[in-house]
Amino acid sequence: MKTSFAALATATMVALSSASIAATQGTAGDTASTGTIDIELLLTPQIIIGGLEDVDLSSTVTRDGQQICIGGFGFDQYEIEFGSANGSAKVGTPSATTPFLLAGTSFTTETIPYTVEFIDNISAASGTESTDGSIADAYDRVNTISDCTGAAPTSTNAQLYIEVDPSDWADVSDSTFQDVLTITVAPAP
């Protein structure tokens, strides 16, 4: 019985001491007793891109720029990647062989290449061109999730440019070309 009680007392003391490693307990006093506890908040980083709009190009409008918002919390910098439904660039799998392509809607074998540029400010007239779906730079996060929520964010902090070279459609039969561009932002490692 004494062995069982001693083992139980030892197990209880170990459990109590491991549960109170960070906290300090108060001691009895005539006027006050003070103890402390550590408080820790663990956040899962979150990132968002907002303000994206469809791009309509034509024979008279061959370049389109739009201001977008990238924000979040739990990280200092972010990276951006692009993927083309018709081109060879896929998010996570860069490819410089015709990375971005518009495909004809009637003559689906006809394609027209286009370029994608990104810049992390709203005053520049051009950005860094993605030649394979990736951009090697990491950009500073300045906006929050609430800054970037929805189609009309309260703040913009970056620009996206799409451009087609008119010489690339000189000998096509189709009159409408389309692609879906996937834009992925992620916290930089």
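Could you please give the count of residues in the stretch 101-136 that are part of a loop (DSSP other than H, G, I, E, B) and over 28 Å from Ala188 (Cβ atoms)?
The total comes to 6.
Sort through Thr128, Thr149 and tell me the only one that's farther than 18 Å from Pro99 by Cα, surrounded by fewer than 20 Cβ atoms within 10 Å (Cβ to Cβ) and under 18 Å from the mean Cα position of the chain (by Cα).
Thr149
Considering the stretch 30-47 alone, what residues qualify as being in contact (Cβ under 8 Å) with a residue 24 or more places away in the chain and assigned to a loop (DSSP other than H, G, I, E, B)?
Leu43, Thr44, Pro45
Could you please find all residues in the stretch 97-125 being crowded, with 18+ Cβ neighbours inside 10 Å, over 16 Å from Asp165 (Cβ atoms) and β-branched (Val, Ile, Thr)?
Ile119 - this is the single residue of the stretch 97-125 that is crowded, with 18+ Cβ neighbours inside 10 Å, over 16 Å from Asp165 (Cβ atoms) and β-branched (Val, Ile, Thr).
Which one is modelled with the highest pLDDT, of the residues in the stretch 17-36 that are surrounded by fewer than 10 Cβ atoms within 10 Å (Cβ to Cβ) and of a type in the set (A, V, I, L, M, F, W, C)?
This residue is Ala32.
In the stretch 67-100, how many are under 17 Å from Ile135 (Cβ atoms), modelled with pLDDT of 95 or more and not in a loop (DSSP other than H, G, I, E, B)?
10
The values are calculated or read from the model by the stated rules, or taken from the named source; none is laboratory data. Source: prediction; values computed, not measured. When we count neighbours, we look across all protein chains shown, and the Cβ atoms used for this are built from the backbone with ideal geometry, even at glycine.
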